Every structure is written in C-alpha cells, then in structure tokens.
Amino acid sequence: MRIPQGRKNAGFYSQGRKETRPKTFSRMILMTVLLLSGGFSGRSVLAEVKIIEADSSYSMGDNDSKIDALRIATQEAKRKALELAGTYVENLNEVKNYQLTGDEVKTYTAGILETEIVSEHMHETAEYPEITIRARCKVDTAVFAARIGQYSQNEEIREQLDASAKDNEAMRKERDALVRQLASEKNKARAAGTRQKLDAILAKEEANDDTHKVWTSIGVQLIETDDIGPGIKQADLDRSSVLLQRAIAANPHNQRARYLLAAVYQRQGDPGSAENELRTAIRNAPSSTAPHIRLAILLRERGRYKEALKEFHFVERLRPNYLLTVYFEGMTYKDMGMCGKAVQYLNKFLKDGRVNKHPQKKEKALRVIEECGGDRPGRQRRTRES
C-alpha cells in the first residue's frame, strides 16, 4: 500500500496527545474526545446529566471499503465514548462509596450506558478518503449511581457484564489485528480473504450492540426473579425478540443474547423455546453458571423439580457462595413436599449476611419455614416439660 508523499505515520490522537503506531499500520484513527457540561472533578452533583462524546476518524487505504471503514470508525467512537464515561463516573463520590476497582467501574459503565451515533462525515482527498464518526452517551449521575449499586450486588448481573466485557475486548483486539493485516497486505486475493474475516468480526460486534440495546432497556427486568415492579410491555418484548434473534444469527455463540432471548420467550409464555435457548447456551459454554441458573428456575416453574435441583446443585458445586442458589434449592424442596430439606436450605439462606439484599426472598423464606413448622434462625426450639 502506498502512502501519499508527506503523509505522517499513522497514529492516535486523544485530547491533544499523540501516540505513534508502527509504520506498517498505514491508516489513521483520529480520536478526539469531548466532555460536555463539565470536566473531571471528584465532586459530583446529584441528578446532574453529563453529555459525553467521542470522535473517531478512519483514513482509508487501498484495501479498504467505505462500508467497513464506516463500521470500524463507528465501533471505535462508541468504545471511546464509553471509556471516557467510565473514567468520569469513577470520580463520582457516589460511585467511590461502592469501593469498586477502575476495571469494575468501566465494566458496569459499559453495561449501563447506551451510545448513539450523532454525526458522520466523509472528507474526500485525492487517494485516501477519511470518515469521521461522533458517538454520544448520557450520564445521569443520580440514576447511574443507583444502578451501579444494584448491579454490584447481583452476582448474576455481574457475571453477565464481566462476560460481555471480555467478549467485547477480545473482538476489538481481533478487529485491530485484521485492520493491521489488511493495511500491509500486497496480494489482492489475500486482502479479499482478510476483508471477509474483518466483515465477520464487525458483524459480531454489531450483534453485541443489538444485545446491549435489549440489556440497557429491559435486561434487569427480564432476569428479575421476584414478582415485583412494573411489567414489561408486549411491544418491548417483541422488539427485543427481533434484536436478539438477529444477534444470534450473526453470532450463534453470543451467550448473552441467548440468555436474554430465553427470558423474553419465558415472558411471552413460550417456555419450550426458552428452554431450547438455555440448553444451547449451556452446550456452547458448559461452565457458565448464568444459563444453568435460569434453566433451573424455568424447570422449577414447569414442575420439573428433580431436573431443576440437578441444575441448582451444579451451580452450587461451581459457585458454593452463590446465595440465591441456596434459596431456590430450599423453595424447590418445599414444592416437592420435602419440608425438612426446605427448612435446612432456607435457614442457611437466612443466616447469610447478604440476605438483606433480597428482602422479598427473605420474607418468602420466613413464610415457608413457618408453614413447614420449622424454627427460624435465632429462635430457640421449644422443649416439652417432663
């Protein structure tokens, strides 16, 4: 690939700072990050809304297509916007109170916020057109702090967000490697093969974007196991089903999409399809606990108690400290009429210091123990007088 006379080496620009890349990487991604309505201070204001934007510019080379250049710049603009948002919220006092690591804050930020593309521009030059994309995300500081607290206390949500963050980072690295390979490729046939690989990884990233839209809109409601709060509108379920099916078609190994689609099917009254999605997710990643938990809950609701216990016991062996498994095991034994086992598990649940994070389940556990004639934790068993 020929570089125009006088053209500088490819590089990144972020807030005025330049980092040069190897000469073989002959395209330029210009990152200009803008923070609107405030700067980076440790002070946070309740209910204040911050608008965070990021620009990504991609300079095309001989082997690039305009469509892929646009897609690459879009993914980078979204990533930079979320990255800057994570750095910003890390300095909020409300978030600092949760004592999370920087990586944890950025993971939760990516799981909470949704980005939107606000502009795109192509600058034509003699040989190397340049595409610039601007992405935006909004941070309502009060709402964000409450949500990040909710996420940090829910192990199932944390597992989903951690897996999604690792998946996104792996795909970004694969995309960057393919971009570098494409830039240095001289053989047209091999370049075409690299473009196909690049197209596939971009499709997976875009599928993750669709999954993320569902997560940020109704994800937490979908996986809620207590019968509380407002229901989800049928239109939202239908729209989510379309997005998630599209995501799975692009990437059949998208575990998060299958997990959420199963929850959508369950809400739509289609437990058979929900079970199929969860079992497929388990085949793809047998050691992931989230689909096992959701399958167990689904099987219990369908009256298949022994199968449900098998799944709960699997999660308990894999994650002995996962509190909700203990609760559901106790409730399943109650469904089976095995009160002794039910009281044993539910007392274990109630004695755990984390139980107060689950007030509805705590109340149900106390009620079941009462119905079974068992003793609550801390209550002395009555003895008959001789």
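Quick note: the coordinates plus some simple rules give every number you see, no bench work behind them. From a predicted model like this one, the values you see are computed outputs, not experimental measurements. Methodologically, a virtual Cβ is constructed for each residue, glycine included, from the backbone with ideal geometry; neighbour enumeration extends over all protein chains shown.
Convert each backbone phi in the stretch 280-295 into a coupling constant with the Karplus relation 6.51 cos²θ - 1.76 cosθ + 1.60 (shift: θ = phi - 60°), then list the ³J(HN,Hα) values in order as whole Hz, x for Gly and Pro.
5, 4, 5, 4, 6, 8, x, 8, 6, 6, 4, x, 5, 5, 5, 5
What list do you get for GLU53, GLU114 if you sort them by fewest beta carbons within 10 Å?
So the ranking, lowest neighbour count to highest, is GLU114, GLU53.
Stretched out fully, how many nm does the piece from ILE51 to GLU363 gain, at 0.36 nm a residue minus the Cα gap?
Length gained, ILE51 through GLU363: 108.2 nm.
Using the basic label-point model (7 angstrom from Cα toward the beta carbon), what is the LYS310 to LYS173 distance in nanometres?
Reported label-point gap for LYS310 and LYS173 is 3.7 nm.
Mind listing which chymotrypsin sites (Phe, Trp or Tyr not before Pro) in the stretch 49-136 are in a DSSP loop and have 16 or fewer other Cβ atoms within 10 Å? Please list the in-between numbers first.
Details: sites: TYR58, TYR88, TYR98, TYR108; in loops: TYR98.
In loop regions of the stretch 49-136 (DSSP not H, G, I, E or B), the sparsely surrounded chymotrypsin sites (Phe, Trp or Tyr not before Pro) are TYR98.
I need the phi-derived Karplus couplings for the stretch 321-334: 6.51 cos²θ - 1.76 cosθ + 1.60, θ = phi - 60°, integer Hz, Gly and Pro marked x.
9, 7, 5, 5, 4, 4, 4, 5, 4, x, 5, 5, 4, 5
Please compute the length gained on full extension between LYS166 and GLU94, using 0.36 nm multiplied by the number of residues separating them and subtracting their Cα-Cα distance. The partial results should precede the final answer.
On the way: separation 72, 0.36 × 72 = 25.92 nm, distance 2.57 nm.
Residue separation times 0.36 nm, minus the Cα-Cα distance, leaves 23.3 nm.
Report the calculated FRET efficiency for GLN153 and HIS121 (r = Cβ-Cβ distance, R0 = 30 Å), to the nearest 0.05.
Once rounded, the FRET efficiency stands at 0.10.
Figure the gain on full extension for GLU371 and LYS197 (residue separation times 0.36 nm, minus the Cα-Cα span) and round it to one decimal in nm.
Extending this stretch completely gives an extra 56.6 nm.
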